[in-house]
Amino acid sequence: MSAVGLSVPAAVYGLLVPLRPLALVSVLILGDYLLWNWSLSANHDVVALVAGMTLSLLALAWLWLLALTLGRGAGHARRRASAVSAASTSPAASTPPAASPTPAASSIASPKPAASPTSSSGKLAA
């Protein structure tokens, strides 16, 4: 996906995308906890049992997503720090390379060796 079609700047978009699943699961956990708490106080045993069972699974999913998000954040910070240090240590990396002559110009500048007298055209016969 190109950065032109995004309504959010690319730097912000890249940081917020990994937070979407974590935010969604957080909302689901909150809703499930509220349902579980209400069903316990209202003596709805079956609803309390189902909500309690799904609450533990959602909590595991939330912990997994939290670990993934923290790992992505650490990797992003590490890549950013290495890019900043690499840019500051090698000033030659930021300057464009010198223009090299094109292959056509180099062939004009250096003449081709003459064909040997025993060869008619220098090409292989089929």
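The values are calculated or read from the model by the stated rules, or taken from the named source; none is laboratory data. A quick note: this is a predicted structure, and the numbers were derived from the prediction, not measured. We place every Cβ from the backbone using ideal geometry, glycine too, and count neighbours over all the protein chains shown. In case anyone asks, the SASA skips ligands and DNA or RNA and just uses the protein heavy atoms, side chains included. Shrake-Rupley method; radii C 1.70, N 1.55, O 1.52, S 1.80 Å.
Data for the structure
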| quantity | calculated |
| --- | --- |
| Accessible surface of residue 50 - all protein chains present, 1.4 Å probe, nearest 10 Å² | 80 |
| Computed label-point distance, nm, for sites residue 59 and residue 74 using a 7 Å Cα→Cβ extension | 2.4 |
| Largest to smallest accessible area among 82, 88 [probe 1.4 Å] | 88, 82 |
| Estimated FRET transfer efficiency when R0 is 30 angstrom, pair residue 66-residue 45 (beta carbons, to 0.05) | 0.45 |
| Accessible area, probe 1.4 Å, largest first, for residues 62, 38 | 38, 62 |
| Listed residues 45, 32 arranged by accessible area, highest first, probe 1.4 Å | 45, 32 |
| Extension gain (nm, one decimal) between residue 82 and residue 34, 0.36 nm per residue minus Cα-Cα | 12.8 nm |
